[in-house]
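Okay, structure first, notes after.
The values are calculated or read from the model by the stated rules, or taken from the named source; none is laboratory data. Predicted model, so just to flag it, every value in this text is computed and none were measured. Here Cβ is always computed from backbone atoms with ideal geometry, including for glycine, and neighbour counts include all displayed protein chains. For accessibility, only protein heavy atoms count, side chains too; no ligands or nucleic acids. Shrake-Rupley method; radii C 1.70, N 1.55, O 1.52, S 1.80 Å.
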Amino acid sequence: MSIMVLTAAYCNLGGSIGTIHDHSPKIELAVEVEDKDVTTYASLGWKEHLGGLKSGTLGLSILQDIANGSLDGLFWAQIGNVVTFEVRLTQASVGVSNPKYTGSILVNGWKPISGSVGDVATVDVSYPTTGVVTRATA
């Protein structure tokens, strides 16, 4: 078993955004499948289930950066667009011990200001995947 601590995750978003792991203390890719109840009278009192449509979300916590050409402007320009993504557990090369997960997300919003007095300016977003999410080791 290979247990690890996340210390150097990798995240790259397509379009004009690029790598953001230097501004992100949290990256979360979640995938799931719909639970479809297919119980019939022949199920003898037990529920039966099949998997339906798959979906996913890419959640990011981003340290806000409003400098010219930085993340705030780059994300703002992508609102409403579909961009590709690649995330990995480490910034090392892709391999069997460091798979990459790729796909596309819909940039469906941006919160340029969020926080309380004295907080670090952080933007938390969760973008839905669109289409297939793949896992590769090469």
- Query: Among the residues of the range 115-130 satisfying the criterion of being in contact (Cβ under 8 Å) with a residue 12 or more places away in the chain and over 20 Å from Thr84 (Cα atoms), which is most open to solvent (accessible area, probe 1.4 Å)?
  - Reply: Val120
- Message: Just checking, does the range 90-100 include any residue being at pLDDT below 95 and touching a helix residue (DSSP H, G or I) at 6+ places or on another chain (Cβ under 6 Å)?
- Response: no
- Item | Every pair of residues 6+ apart whose Cβ atoms lie under 6 Å, when the first sits in the range 21-50 and is open to solvent by 60 Å² or more (accessible area, probe 1.4 Å) while the second is β-branched (Val, Ile, Thr) | Val31/Val133; Lys47/Thr39; Glu48/Val38; Glu48/Thr39; Leu50/Val38
- Does any residue of the range 71-84 turn out to be at pLDDT below 95, of a type in the set (S, T, N, Q), in a loop (DSSP other than H, G, I, E, B) and open to solvent by 30 Å² or more (accessible area, probe 1.4 Å)? no
- Sole residue being in a loop (DSSP other than H, G, I, E, B), β-branched (Val, Ile, Thr), more than 16 Å from Pro128 (Cα to Cα) and open to solvent by less than 60 Å² (accessible area, probe 1.4 Å), chosen from Thr90, Thr7: Thr90
